[in-house]
Every structure is written in C-alpha cells, then in structure tokens.
Amino acid sequence: MATDKGVPYFQSIFVKQPNLIIVEAIFRNVVLSTPGIVELNSFSFQYTNQNRQLNVEYSAKTINGDLDFSQILTAEQEGVA
C-alpha cells in the first residue's frame, strides 16, 4: 500500500495498541477508493504487535479483471520504528 495515499500509519496503525477495527476500516477504505476498483471480493489482515507488522491481503474486481494483492508492512518500512 502506497505510503503517499493518506494512510495514517503514525497515528493509527503502527502504535503500541492499535484499534484493529479502525485499522481494518482504513485499509478497506483505501482499497475501495482506489480508481479502477469495482468491488472488494475478500479482505483480511493480520497485525503482529510484537514487531509491529501488518499483513494485508485482498481480492478485488477491477475494471480490467480480478486482482489479488498481498503485502507485509512494517513500522520500520514506514519510518515509525
């Protein structure tokens, strides 16, 4: 997920005790507001607090066909650690 899309990594995600309901809503919104995304078929994420790592996976229908996405994000990658 692009770090320049207004995702509040510092404020809401890579904090000591993130609200996982809010984290899920943030990423669902990012996906659904991406140009070309028509429908979100599946979405899952797993957050590991110990190393502040987030694994995001989703499947979406786009104007060009189906898309499967998976990415592991870390606090260190996003400049939080």
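The values are calculated or read from the model by the stated rules, or taken from the named source; none is laboratory data. Everything numeric here is computed off the predicted structure, so don't read it as measured data. Every residue, glycine among them, receives a Cβ derived from its backbone with ideal geometry; neighbour counts consider all protein chains shown.
What pairs can you find where one residue is in the range 43-67 and at positive phi, the other is part of a strand (DSSP E or B), and their Cβ atoms are less than 9 Å apart, with a gap of 6+ or different chains?
Arg52/Thr74
I need the strands (runs of 3 or more DSSP E) fully contained in the chain, keeping only those with at least 2 residues that are modelled with pLDDT of 90 or more, surrounded by 14 or more Cβ atoms within 10 Å (Cβ to Cβ) and of a type in the set (Ser, Thr, Tyr).
53-62
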